[in-house]
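The structure appears right after this line, and notes come after that.
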Amino acid sequence: MESGEGARPLNPEIMLEGVISIQAALESGSRPIHEILVRSHRRERDLDRLIRLARSQQIPTREVSAADLDALASGRSHGGVIARVGERHYASLDALMAGIDAPFIAMLDGVEDPFNFGQAIRALYAAGVNGLVLRPRSWENAASVVARASAGASERIITAIAETAEEAAEFFRKNRFTIAVTDKDRAVSIYDADLSGKLFLLIGGERRGVTRSFADAADIRLKIPYGRGFPMSLGTTSAAAVLAFEVFRQRQGK
């Protein structure tokens, strides 16, 4: 590893922090990685593996002081390693369903908090979602928070961009997907709905939710049953987890 007196001056670039986030980007090829900065004299097994992986991809690594790392990081949870990276690569909508018999595609729309956004992606990825759709808002200035909150899933999940939820739904409807959305009105329980086929599921944010026009045009409206009377809706992260794992459960049964 190359040693240096300190971190060279950097342009305002995107950073990923921590072994898990950086390893996910290295293994998935989700974005270009320009350089990996490691705290001097740090020798942990997982970090050594990360360095070997970076070298196998001809990505430069450099030792810097703990103070230099702290100055570049967004917090103190970097674990002694930071990567200077480029912008996220995105796939086409077609690519999300390529080679899959009954794809499960989810779209997150209107989620404002990067931690909640990352946690929702973490749940979707763990449940086996085949692809993620986002609107063209840039999360790059919060890429480090999103990657850490998602345990690297935000870098691993194949992701496409659509201008609007309606545009994405129209694309998947033409490909014979069921268009599903969570709603309180005229909705069926997720445990009574058949979610085992080709499915496009829109999950709205906690503030704005899903527009009435989209809900009216959806093929199926879903609700999550509660174990007691409770007037409040679940947060986006919890709802995403419950929905995605019910889809997973049904597909396991098939």
*Go through 116-129, 94-107 and give me the packing order, highest mean Cβ count within 10 Å leading.*
116-129, 94-107
*Pick out, in residue order, every one of the GluC sites (Glu not before Pro) in region 137-190 that is DSSP loop and has at most 11 other C-beta atoms within 10 Å; say none if there are none.*
Glu163
*asked:* So for the chain, averaging the separation of alpha carbon pairs under 8 Å that are six or more residues apart and normalising by length, what relative contact order in percent results?
replied: 21
_Need the list of aspartates and glutamates near Lys223 for cross-linking: C-alpha distance under 18 angstrom, and skip anything on the same chain fewer than eight residues off._
Asp109, Asp183, Asp185, Asp192, Asp194, Glu206, Glu246
*Looking only at Ala168, Ala160, Ala187, which one moves most when the chain is put into a Gaussian network model with springs between Cα atoms under 10 Å?*
Ala187
_From the coordinates shown, percent of Cα pairs over 28 Å apart corresponds to which of (1) 28; (2) 39; (3) 48_ = (2)
*Local charge sum around Arg135 (other residues, Cβ-Cβ under 10 Å, Lys/Arg +1, Asp/Glu -1)?*
-2
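Read-outs: derived from the displayed coordinates by stated rules, not from any lab. Worth saying up front: this structure is predicted, and the values here are computed from it rather than measured. Reconstructed Cβ throughout: ideal geometry from the backbone, glycine too, with neighbour counts over all protein chains shown.
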